[in-house]
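*Asks:* Submitted below is the structure of interest, expressed as structure tokens.
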Amino acid sequence: MPDLSVYIASDVHLGATPSSRKDAFHAWLSGAAERTPHIILNGDLFDFWFEFRRGVPRGHEETLALLREITTKGTHVTLMGGNHDWWAGRYLAEEIGLELLHDPTILDLAGFRTLLAHGDGLGRGDVGYAVLRWVLRSPVTRGAFSLLSPSLGARIARGVSRTEDRWGEPTPADEDRSAALEKWATATLRDQPALDVVLLGHTHIPRLLRIGPDRWYVNSGDWVHNQSYVVLREGELPEVLEWRGWDVPPEPLVAEHD
């Protein structure tokens, strides 16, 4: 029988993470491609990604080569744009072979009717970010930024990124963001009874919350602090796991709760 599992990771923030985290993620990615026909990278794979008129950001050649190898061998890889890499475009689609999604999308994943979204801009609160998000995604801003050189654009992005603040335990602001998205996901599941799963990232806090019989809010956490990922497998409950190596039996990172 075909393998109907899906492996999901988010918030890797390549370019801002130390080499040890990058190497661990590459090992996870290679092993996941041997275990599943479908990998989803649910936003912020890169701490910064933008396809400029004169090229793409440097420093990700090893990751891009690995992704190209995986897709060439037949594993389907979906990249949902996050707040750090929403501007993924033709290069990643045509040269690397990724399926690109930029907005919340409903998919059938391993038998689960799933609403997939990175999570930024959802739920109430953080009005300032909502305005910034609108500005950054506007055609005028994108067009102007695309005229910069990739090196200058990357320097500007590094200056405003706050990924280095998220290496330790969640802050109160992180907890508030997580609670707001959990509230949004719970309301969405109750308002859309055809959904089985709402699957998010963005908060860097893994979650596994049952909303009624066989319905779930799942957050994949991150690779900045948790090295966590989600497995959806047909006929089984969703899992949020901590990656410690493929030779180590996986353990649930967070317990299911109601």
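*Asks:* Among the residues of region 181-192, is there at least one that is in a loop (DSSP other than H, G, I, E, B) and farther than 18 Å from residue 238 by Cα? Before the answer, list the steps.
*Replies:* Narrowing region 181-192 to residues in a loop (DSSP other than H, G, I, E, B): 192.
Narrowing further to those that are farther than 18 Å from residue 238 by Cα: 192.
Scanning region 181-192 turns up at least one residue that is in a loop (DSSP other than H, G, I, E, B) and farther than 18 Å from residue 238 by Cα.
So that you can scan it fast, the table gives a plain yes or no per residue for (1) at pLDDT 95 or above; (2) touching a Lys or Arg at 6+ places or on another chain (Cβ under 7 Å); (3) crowded, with 21+ Cβ neighbours inside 10 Å:
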position	(1), (2), (3)
3	no, no, no
6	yes, no, yes
32	yes, no, yes
42	yes, no, yes
50	no, no, yes
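*Asks:* Can you tell me which condition residue 170 does not meet? The list is (1) more than 30 Å from residue 91 (Cα to Cα); (2) modelled with pLDDT of 85 or more; (3) outside any helix (DSSP H, G or I), and all the others hold.
*Replies:* Condition not satisfied by residue 170: (2).
*Asks:* Applying the selection to region 182-205, what residues are under 19 Å from the mean Cα position of the chain (by Cα) and polar (S, T, N, Q)?
*Replies:* Selection gives 203 alone.
*Asks:* Can I ask one more? Among the numbered conditions (1) modelled with pLDDT of 95 or more; (2) buried (at least 24 other Cβ atoms within 10 Å of the Cβ), tell me where residue 223 comes up short.
*Replies:* Going through the list (1) modelled with pLDDT of 95 or more; (2) buried (at least 24 other Cβ atoms within 10 Å of the Cβ), residue 223 breaks only (1).
*Asks:* On to the next question. Filter region 6-29 down to the residues that are touching a helix residue (DSSP H, G or I) at 6+ places or on another chain (Cβ under 7 Å) and among the hydroxyl-bearing types (Ser, Thr, Tyr) and list them by number.
*Replies:* Across region 6-29, the qualifying residue is only 7.
*Asks:* Which is under 17 Å from residue 44 (Cβ atoms) and buried (at least 18 other Cβ atoms within 10 Å of the Cβ), of 207, 215?
*Replies:* After ruling out the rest, the residue left standing is 207.
*Asks:* If you check residue 113 against the conditions, is it at pLDDT below 90 and either surrounded by 21 or more Cβ atoms within 10 Å (Cβ to Cβ) or not in a helix (DSSP H, G or I) (or both)?
*Replies:* So residue 113 does not fit the description; no.
The values are calculated or read from the model by the stated rules, or taken from the named source; none is laboratory data. Computed from a prediction, not measured in an experiment: that's the story for all the values here. Reconstructed Cβ throughout: ideal geometry from the backbone, glycine too, with neighbour counts over all protein chains shown.
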